[in-house]
Structures are given as structure tokens and as C-alpha cells.
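Colleague: Questions regarding the structure given below will be posed in turn.
Here, each number is a calculation from the coordinates, and none is a lab measurement. It should be emphasised that the depicted structure is a prediction, and the values quoted were computed from it without experimental measurement. For neighbour counting, all protein chains shown are included, and Cβ atoms are generated from backbone atoms with ideal geometry for every residue, glycine included.
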Amino acid sequence: MIECAHVYKKYKNGTNALYDINISVEQGEFIYIIGPTGSGKSTLIRLLDGEEMPTKGTVKVVGIDVGSLRASQVPIYRRNIGVVFQDYKLLPTKTVFENITYALEVIRMKKPQVRARAKEVMGVVGLSEKGNAFPHELSGGQQQRVAIARAIANRPKVLIADEPTGNLDPGKSDEIMDLLERINERYGTTILMVTHDLTLVNKHRKRTVVLEHGHIVADLAEGGYVRHDQ
Amino acid sequence: MISRPIKEGFRGVGRHWGMALSSAIAVTITLVIISIFLIFSWHLHTFTKSIEYSMKIAVLIDSEHEDPTSEQLIKKSIEKLEGVKSVTFSSKEDEFQYYLQQYDDKAMQEAMAPFGEDNPMSDAYYVEVENGDLIQHISSEIRAIEGVADVDYGGQTTIDMVAAMETIRRIGAMFVAALSVLAIFLIQNTIKLTIGAREDEITIMRNVGATNGFIRSPFVCEGMIIGFLGSLIPIAVTVYGYYALYQRTQGVVFSNLFHLETPLPFITYIAGILAFVGIAVGFIGSWLSVTKYLRWKR
């Protein structure tokens, strides 16, 4: 589902962000990418969602060679993946319902289907009653749920979550994790989650890839991680 | 059903009405100036054209030669002359009608109409020359042709004046074009500010897989709506202003030579042009500014 083969990324300003990254993620897998600030986590996400091109190597997601896409093809490619961000990235002037339907209108889904699907995913994330609320009227946890609902509305095969619990307290973080696990199990969605919340990683154990200074330093199939410098 | 971009465009104007208003005012100011220049330029154009028409050499046929054979001979002789561009026939009836049209007053026209029965006019040829400088020379040559009763042209001063007015009109047109560019620039900048404030929104739209066209269309509609709103005041000013001017002057400015167009349908054309320019300026301005934010880094 996700294949990174000998991926290097060097930015124009000379920063080397990733060195020889090799990751293979199977369909339906739930994987953490962890590492300190500057370890290359964000760069990896940018390569996966098509924002950046690898300097060397290939990045394949759902069988698409992301690095070789033309700029105009990137939006179409993104319809195959769902992305969730730490800061939710909801459209502030649109209601919860509109935020979700927007992602479906983009792919030119028919109106009745758009409404039905939006209602369905609002149910999945437990926000059926909040359709008319604006993002600023919701708590952080609720906003992240909306973001997740939007990301899965299009039934993507892959969900990329960039620090989805970064702005949430431990209780809310657990709820978000439960939700992601449920989506992973119910729909068989492949989930790649970037985090630096080790408590969460150790509590909800899954395959964990550790990045440091742009290198993969560990790929733990059993999950759980204790930093070697502690 | 209103399509999505139009609906979103209206919403955009409503949600960012402050920005929309400042953009619309920028358009309004430029369109008022453009409107004045349009009206001025149009009148200069018609005035020049009417003088140009009278600048043609009018060749009046001698009443004894007003038969088709003689007239054909005269026509051929004129056409043979060097520098003649065209020779158009005008019957004495046409001439009388043209004479009647010189009166703006309907009552006066009706009073003169009965004279047509014993038409005092002559058949005539109107000769267009290739170059205004030749007019004097050709006139004297035509005068020598048998069957020509009289030859008339405006004189050198008129030729020079027409050339001067043509130049003024061209400068006016350039000024209108420059103003349109200025309006585009103004609306582009204000819309750029509106969009700048919504850069995050654009990023989000992209993240959910929206193509550039999908993102751009509501912004472009918004620009067109703003442009149209900006054209409303200039249209109102033009319509009321022109009516007032026309009524006050009775359609005559400076002298009998310079007539104002009757308000209808002239003013509707100007209003249409203003609305079109407003919308077009909004379209181009918003297109340019949104495109800047849609450029891909890769």
C-alpha cells in the first residue's frame, strides 16, 4: 500500500532531511512513525502526500509513483489518501457538515450521495449532532474528529495522520486513537500516523518506525518504544 | 439552480464584504472616468465622421445632364482621375432627404417636406479621395468635366481639424485602455489581499484534492460580482448625468455643429459597456491574483 524504496530528500537550501528510507506498509496495517523534531517525519509526510518530490528513490502509495506525478495530477492523487493534521485544518467559514461535504464535492460526487456519506461519517466519528456547528464552536478533540471524518469521507485506502493528537490532552488523545483504530479495523484503511507521543505509542502498541536525523534507526514490528538516550 | 462557483462567489462577497467594498470602489472610480471618456470619445468620433463625410467632394450635376447616360460618362471621367478612391451616386431625392435630416426639430422637418415635390436639389456624386492633400487638386479637375455644375469640399482647415480630432480620439482610446489596466491592477491587489487572508483555505482545499480550477472558480466569480457591483454606480451616474446634460443643452453643445446623441439607445450601450468592463476587470483581476496562490512549488 505504501512503498518507500531508497528515498533521499535534500532541500534546495542544502538541508538533508532523509537518507535511504525503506518502508513497506501492507494494506490494513496501522503504523507509527516517531522521532524527535527535525528527524524527517514531516518531510516523509510531504513526500507521501505529493507536496514534495524525493531527491532519489521512489515513493509509491496505492500503486501510484507519487514522485513522478505532474503538479496538476497531485490533487487527483490526493483523492486516494486522507490526511489529518495536528492543527485540524478545517475551513473556518464552513460548518462541520460543509467541511465534510466539501471533500466530496471536490470529487464531483452526486449531491444525495454527498449528504448521505457526510451523515454516515459524522456518525462514525460521533458528531451526528454537530453538523451545523462551526469549527470555532467545537473543542480540539471534536475538531480533530471532524478532520478525521473529512479524511475518511472519500473512503481512502490510506490515511496519513500528522501528529493528530499533538494539540490534545491525554484523555482526548486516547479517544482519537480509539477512533482511528476503529476505522482501521472496520474499513481496513491503512493508517500511517506520525507522532512524538511515546505514551500513546506504548499504550496502543503497533508497528513503529523510528526516525532520527533523517535515518530509520528502528522498525519495531511489535511496537512500543523506549528512547535509547533515556 | 445556481451553480457552485456562483453561489460560493456570492457567499465570498458576503463574508468578506469590507474587502469586496474596497475593490468595488476602486472599480467604481475608474469606471466613472472611463464612462466620461467613452462618451467624449464617441462624440468626437461621430463629429469627426460627419465632418469627414462633408469633406468628401460633392459633385453637383448640371440639370441638363441629369440623365443616366450623361451621368455614367461623368462618373467614368471622375473615376479615371488619379487619387480618387470611390465615387458614390446620390439622387436628388436622396439629397433632399439628407437635407431634411439636418433639422433636429421634427416640426421643421415636416414643414420642409412639401418642398420635395418640386425638388430643388440636383443629382450628385460624392467623391472620396485617397489622401486629403489631393482634395483641392482633384476638385479643380472635376470642375472641368462637362456636365458638372458645381464642386464643393470643406477646405484645408477642415482637413487639418479632422486629423487633429482623430489624434485626440486615439489618445482618448489609449487613456481608456490605460484606465482599464489600472482598474485591473487595483482589483487584483484588493482581491489578492482577500485571497491572502484565505491562503490557509486554499491549502486545505488542495489537501482534500481540489483541482486548481475547482479552487479558482468561486474566487473568479467573486471578482466578477465585485466588478459588476462596482459598475452599478458609474452606470447610474452615466444614465442620470447624460439625461441631465442632454435636457439642459437640448442636445446641442458649443455650436450647431456638435450634436449630442439622443439618450436612447446610446446610453444603454454605454451602460452595457461599463457593466462588461466591470465584470471583465473583475474576472481578469481575480484570475491573476488567485493564480499567484495556485502556483505549485514542485
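Colleague: Using 1/(1 + (r/R0)^6) with R0 = 25 angstrom and r between the beta carbons of B:Asp150 and B:Asp104, what's the FRET efficiency to the nearest 0.05? Display every interim value, and only then the final one.
Modeller: Numbers: r = 27 Å, r/R0 = 1.07.
Here the calculated transfer efficiency is 0.40.
Colleague: Work out, in µm²/s and without decimals, the Stokes-Einstein translational diffusion coefficient of segment B:56-153 at 10 °C, 1.306 mPa s, Rh from Kirkwood over C-alpha pairs. Please list the in-between numbers first.
Modeller: Numbers: Rh = 14.2 Å.
In µm²/s, the coefficient is 112.
Colleague: Among B:28-34, B:281-287, how do they line up by average Cβ neighbours within 10 Å per residue, starting with the highest? Working shown, then result.
Modeller: Details: B:28-34: 21.9, B:281-287: 25.4.
Packing proxy ranking, top to bottom: B:281-287, B:28-34.
Colleague: Continuing with this model, one more query. Which shape class, rounded, prolate or oblate, goes with segment A:1-148 when its Cα gyration tensor gives a ≥ b ≥ c as root eigenvalues, a/c under 1.5 marks rounded, and past that a/b bigger than b/c marks prolate? All intermediate terms of the calculation are to be shown ahead of the outcome.
Modeller: Numbers: a/c = 2.23, a/b = 1.81, b/c = 1.23.
In terms of gyration-tensor shape, prolate.
Colleague: Scan segment A:1-98 for GluC sites (Glu not before Pro) in coil per DSSP, keeping those whose Cβ has at most 11 other Cβ atoms within 10 Å, and list them by number. Don't jump to the answer; show the numbers that get you there.
Modeller: Values: sites: A:Glu3, A:Glu26, A:Glu29, A:Glu51, A:Glu52, A:Glu98; in loops: A:Glu26, A:Glu29, A:Glu51, A:Glu52.
Of the GluC sites (Glu not before Pro), the ones in loops of segment A:1-98 whose Cβ has at most 11 other Cβ atoms within 10 Å are A:Glu26.
Colleague: I'd like the distance separating the alpha-carbon centroids of segment A:114-190 and segment A:60-95, in whole Å.
Modeller: 16 Å
Colleague: Give me a single rounded figure for A:75-88: the average over its residues of other chain Cβ atoms within 10 Å of their Cβ. Present the calculation step by step, with values, prior to reporting the outcome.
Modeller: Details: counts 12, 2, 1, 5, 4, 1, 2, 3, 3, 1, 3, 0, 1, 1.
Across A:75-88, the average partner-chain Cβ count within 10 Å equals 3.
Colleague: Inside 10 Å of the C-beta atoms of B:212-221, what's the mean count of C-beta atoms belonging to other chains? Can you show the working numbers first?
Modeller: Details: counts 3, 2, 6, 2, 0, 0, 0, 0, 0, 0.
Rounded to a whole number, the mean comes out at 1.
Colleague: May I pose another question? Averaged over its residues, how many other protein chain Cβ atoms are within 10 Å of peptide B:199-207's Cβ atoms?
Modeller: Working: counts 0, 5, 6, 0, 3, 12, 5, 7, 13.
Neighbouring Cβ atoms belonging to other protein chains average 6 per residue here.
Colleague: Cα-based Rg (one decimal) and Dmax (whole number) for segment A:120-214, in Å?
Modeller: 13.6, 44
Colleague: When Lys and Arg each count +1 and Asp and Glu each count -1, what net charge do the other residues less than 10 Å away from A:Asn22, Cβ to Cβ, add up to? Write out the running numbers ahead of the final one.
Modeller: Details: positive: none; negative: A:Glu3, A:Asp20, A:Asp219.
Taking every Cβ under 10 Å from that of A:Asn22, the sum is -3.
Colleague: Something else about it: Taking the simple approach of a point 7 Å from Cα along Cα-to-Cβ for both A:Asp169 and A:Ala218, what is their distance in nm?
Modeller: 3.0 nm
Colleague: Here is a follow-up. For segment A:5-136, give the magnitude of the charge dipole about the Cα centre (Cβ charges: +1 Lys/Arg, -1 Asp/Glu; no others), in debye to the nearest 20. Can you show the working numbers first?
Modeller: Working: 19 positive and 12 negative charges, 92 e Å.
Computed about the Cα centre, the dipole is about 440 debye.
Colleague: Compute the Cα gyration tensor for the protein assembly as shown, then decide on rounded, prolate or oblate, letting a ≥ b ≥ c be the square roots of its eigenvalues: rounded whenever a/c is under 1.5, prolate when a/b is larger than b/c in the other cases, and oblate in all that remain. Intermediate results must be reported in sequence, preceding the final value.
Modeller: Numbers: a/c = 4.25, a/b = 3.12, b/c = 1.36.
Cα axes put the protein assembly as shown in the prolate bin.
Colleague: Which three extents, in angstrom, do the Cα atoms of segment B:112-263 have along their principal axes, listed largest first?
Modeller: The principal-axis extents, from largest down, are 86, 37, 28 Å.
Colleague: Same structure, new question: Just from its helices, what would the mean residue ellipticity at 222 nm be for the protein assembly as shown, if runs of 4 or more DSSP H residues each count -39500 (n - 2.57) and the sum is divided by every residue, rounded to the nearest 500 deg cm²/dmol? Walk me through the intermediate numbers first.
Modeller: Details: 17 runs with 285 residues, N = 528.
Calculated at 222 nm, the ellipticity per residue is -18000 deg cm²/dmol.
Colleague: Could you list, bin by bin from short to long, the percent of Cα-Cα pairs of chain B in 5 Å steps?
Modeller: 1, 5, 9, 11, 10, 10, 9, 8, 7, 6, 6, 6, 5, 4, 2, 1, 0, 0
Colleague: Which of the peptides A:151-158, B:114-121 is most tightly packed, and how do the rest follow, judged by the mean count of other Cβ atoms within 10 Å per residue? Display every interim value, and only then the final one.
Modeller: Details: A:151-158: 20.9, B:114-121: 11.2.
The most tightly packed comes first, giving A:151-158, B:114-121.
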